[in-house]
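These notes concern the structure reproduced below.
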Amino acid sequence: QVHLVESGGGSVQAGGSLRLSCAAAVDSYSINCMAWFRQAPGKEREGVATLYTGRAGTVFHDSVKGRFTISQDKAKTTLYLEMNSLVPEDTAMYYCAAAPSWSDCYTHPLLWSQYSYWGQGTQVTVSS
């Protein structure tokens, strides 16, 4: 079973930075995409960034392009989300997710329904 555990969340002032980590017990052969989603109170879950692990490539939500970076370590055991120039609108619970090889995550990389494995989340709060 794939197991994902997020860490690195916290409170930061606008303009600051945070790096989220996702410790992943994942078989790279069976996972095509790993991603970060976020959900603020009263809002739908939103895809933030996706890393294609079955092939090269990344995709970002327009709201975070140029500010966030998604990456993984060489052993592919940890997924990262580097968040810079944070704004209050980034405040949310952030979730790590993984999509199996049979999903359509290449076509819909930021769609929550493509992902089968989820962490429990880490809270990010950005104050003005």
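The values are calculated or read from the model by the stated rules, or taken from the named source; none is laboratory data. Because the structure is predicted, anything quoted here is derived from the model rather than measured. A quick note on method: Cβ atoms are made from the backbone with ideal geometry, for glycine too, and the neighbour counts reach across all protein chains shown. For the accessible areas, the whole protein counts, side chains as well, though only heavy atoms, and no ligand, DNA or RNA atoms are used. Shrake-Rupley method; radii C 1.70, N 1.55, O 1.52, S 1.80 Å.
Based on the Cβ-Cβ distance from Glu82 to Trp102, what FRET efficiency comes out when R0 is 41 Å, to the nearest 0.05?
Once the sixth-power term is evaluated, E becomes 0.90.
Gain in length, Ala14 to Gln39, computed as 0.36 nm per residue apart minus the alpha-carbon separation, to one decimal in nm?
7.2 nm
Treating the beta-carbon of each Lys and Arg as +1 and of each Asp and Glu as -1, no other charges, what is the dipole magnitude of the chain about its Cα centre, to the nearest 20 debye?
Roughly 160 debye for the chain.
Kirkwood Rh over Cα pairs of the chain into Stokes-Einstein at 4 °C, 1.567 mPa s: D in µm²/s?
Taking Rh from Cα pairs, D becomes 91 µm²/s.
May I ask you to rank Asp73, Asp104 by accessible area, largest first, using a 1.4 Å probe over the protein chains only?
My answer, sorted largest first, is Asp104, Asp73.
Can you figure out the FRET efficiency of His3 with Ser128, using R₀ = 41 Å and their beta-carbon distance, to the nearest 0.05?
Computed FRET efficiency for His3 and Ser128: 0.70.
Straight-line reach from Lys76: which aspartates and glutamates have Cα under 20 Å away, leaving out those fewer than 8 places along the same chain?
Output for Lys76: Glu6, Asp27.
For the chain, which cysteines have no second Cys with its Cβ under 4.7 Å from theirs?
none
Ignoring trypsin sites (Lys or Arg not before Pro) that are buried or in helix or strand per DSSP, and keeping those with at most 12 other beta carbon atoms within 10 Å, what is the longest stretch of the chain between them?
That gives 75-128 as the longest site-free run.
At a threshold of 8 angstrom on Cα-Cα distance, excluding pairs fewer than six apart, so keeping six or more, what relative contact order does the chain reach in percent?
RCO, the chain: 36 percent.
In the chain, carbon and sulfur make up what percent of the accessible area (probe 1.4 Å)?
C and S fraction of accessible area: 49 percent.
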